[in-house]
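Right, one structure below, let's go through it.
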Amino acid sequence: MASITLKVTIHDACNLPVGDTHGVSDPYVVCQIFGRASPEFQTKVIEQSLDPVWNEEYAIRSYTPGEALHFLIMDEDNPVKESVTSNDFLGEVLLGSEEFYP
């Protein structure tokens, strides 16, 4: 099957877990096609929010119909401000193509 361009919009999230020591998170979303090694895109970081709003649109240019999308929500850690130097996992969803593609 031929590849197509798939438009994806990341709207928002709510009630995210606390990822930082100061009681909030600095969330961002990473999207990749399930089974592929590298991400397709990453949203901007929304600082100090458990209910972030992104409203960002992306185009995945090499999408093959039938592929699932894997979304990770991460908390960005600032090594200057935090003692932890890696980003924290906040949540994920695997979206099968039957949920968004006819």
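Taken together, the values in this text are just the output of simple stated rules run on the coordinates, not laboratory data. Nothing here was measured: the structure is a model prediction, and the numbers come from that model. Don't worry about glycine lacking a Cβ; one is built from the backbone with ideal geometry, like all the others, and counts go over all protein chains shown.
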> What relative contact order, as a whole-number percentage, does the chain give when Cα pairs under 8 Å and 6 or more residues apart are counted?
Replying inline: 31
> Ser97 to Ala59: extension gain in nm, 0.36 nm per residue of separation minus the Cα-Cα distance?
Replying inline: 12.1 nm
> Can you pull out the trypsin sites (Lys or Arg not before Pro) in the range 1-78 that DSSP calls coil and that have at most 16 other Cβ atoms within 10 Å?
Replying inline: Arg36, Lys44
>> With a cap of 11 neighbouring Cβ atoms within 10 Å, and only residues DSSP puts in a loop, list the chymotrypsin sites (Phe, Trp or Tyr not before Pro) found in the chain.
In response: Phe100
> Could you put Cys31, Cys14 in order, starting from the residue whose Cβ has the fewest other Cβ atoms within 10 Å?
Replying inline: Cys14, Cys31
> Pick from Glu40, Glu56, Glu76: which is most flexible by mean-square fluctuation in a GNM of the chain where alpha carbon atoms under 10 Å apart are linked?
Replying inline: Glu56
>> Along the charge dipole of the range 4-99, pointing to its positive end and built from +1/-1 on Cβ of Lys, Arg, Asp and Glu, which listed residue (Ile73, Ile10, His22) has its Cα farthest out?
In response: Ile10
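How big is the dipole moment of the range 4-99 about its Cα centre under a simple scheme where the beta carbon of each Lys and Arg is +1, that of each Asp and Glu is -1, and everything else is neutral? Debye, nearest 20, please. Intermediate results must be reported in sequence, preceding the final value.
On the way: 5 positive and 17 negative charges, 74 e Å.
The calculation lands at about 360 debye.
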> Can you pull the Rg over Rh of the chain, Cα-only, Kirkwood?
Replying inline: 1.02
>> Give me Asp26, Asp51, Asp20 sorted ascending by neighbouring Cβ count inside 10 Å, so fewest comes first.
In response: Asp51, Asp20, Asp26
> What does the charge add up to near Ser62, with Lys and Arg as +1, Asp and Glu as -1, over the other residues with Cβ less than 10 Å from its Cβ?
Replying inline: 0
